[in-house]
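Accompanying notes for the structure given below.
The values are calculated or read from the model by the stated rules, or taken from the named source; none is laboratory data. Remember, it's a predicted structure, so these values are computed and weren't measured experimentally. Reconstructed Cβ throughout: ideal geometry from the backbone, glycine too, with neighbour counts over all protein chains shown.
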Amino acid sequence: MKFLCAGSDLPETGSRGFQLAGLKLFAVRREGQAYVYANQCPHRGVPLEWQPDQFLDPSASLIQCATHGALFLIESGECVAGPCAGQFLRAIDCREDSQGIWVDL
């Protein structure tokens, strides 16, 4: 497991991008739970954010691809609207403890 960030660095309904071991990742917190995904849209393979650390739609309830507007469920990474509907973001196994968020690459 590799250290990603302190838990306090990922606020509730917040998102944050990372570069770790040559991989682009992002994390989102929802209802206290951290979710980590590869920062790559399944449609064209482009990064998702429209500006640094901005991975959520205006309501902060879905992950949004800035390039094509595809919308993904935070909890599963499933695309529910857009050109890659039915496809999934690549989930990264993670856990959180008192030190912070850890990912299994």
Boolean, Glu96 is out of contact with any Pro (no Cβ under 9 Å at 6 or more places or on another chain), free of Cβ contacts under 8 Å to residues at least 60 places away in the same chain and charged (D, E, K, R): no
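Only one of these is out of contact with any helix residue (DSSP H, G or I) (no Cβ under 9 Å at 6 or more places or on another chain), among the charged types (D, E, K, R) and surrounded by 13 or more Cβ atoms within 10 Å (Cβ to Cβ): Asp53, Asp93. Name it.
Checking each option against the conditions leaves just Asp53.
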Top-ranked residue of the stretch 21-39 - restricted to ones that are in contact with a Lys or Arg (Cβ under 7 Å, 6 or more places away or on another chain) and modelled with pLDDT of 95 or more, ranked as nearest to Cys65 (Cα to Cα): Asn39
Long-range neighbours under 6 Å by Cβ, at least six apart or interchain, first residue farther than 15 Å from Arg16 by Cα within the stretch 41-58, second among the acidic types (Asp, Glu): none
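Among the candidates Leu20, Leu25, single out the residue that is over 17 Å from Gln99 (Cα atoms), surrounded by fewer than 16 Cβ atoms within 10 Å (Cβ to Cβ) and touching a residue at least 12 places away in the same chain (Cβ under 8 Å). Full working, then the answer.
Details: Leu25 fails: surrounded by fewer than 16 Cβ atoms within 10 Å (Cβ to Cβ).
None of the other options fit; the residue is Leu20.
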Identity of the residue in the stretch 83-98, modelled with pLDDT of 95 or more and over 20 Å from Met1 (Cα atoms), that ends up farthest from the chain's Cα centre (by Cα): Gly86
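Sort out which residues of the stretch 65-86 are in contact with a Gly (Cβ under 9 Å, 6 or more places away or on another chain) and not charged (D, E, K, R), and write them in order of number. I'd like the intermediate steps shown before the answer.
Step one: filter the stretch 65-86 for residues in contact with a Gly (Cβ under 9 Å, 6 or more places away or on another chain), giving 65, 68-72, 78-83.
Cys65, His68, Gly69, Ala70, Leu71, Phe72, Cys79, Val80, Ala81, Gly82, Pro83 - these are the residues of the stretch 65-86 that are in contact with a Gly (Cβ under 9 Å, 6 or more places away or on another chain) and not charged (D, E, K, R).
For Pro83, are the conditions met, namely being surrounded by fewer than 16 Cβ atoms within 10 Å (Cβ to Cβ), touching a His at 6+ places or on another chain (Cβ under 7 Å) and not polar (S, T, N, Q)?
yes
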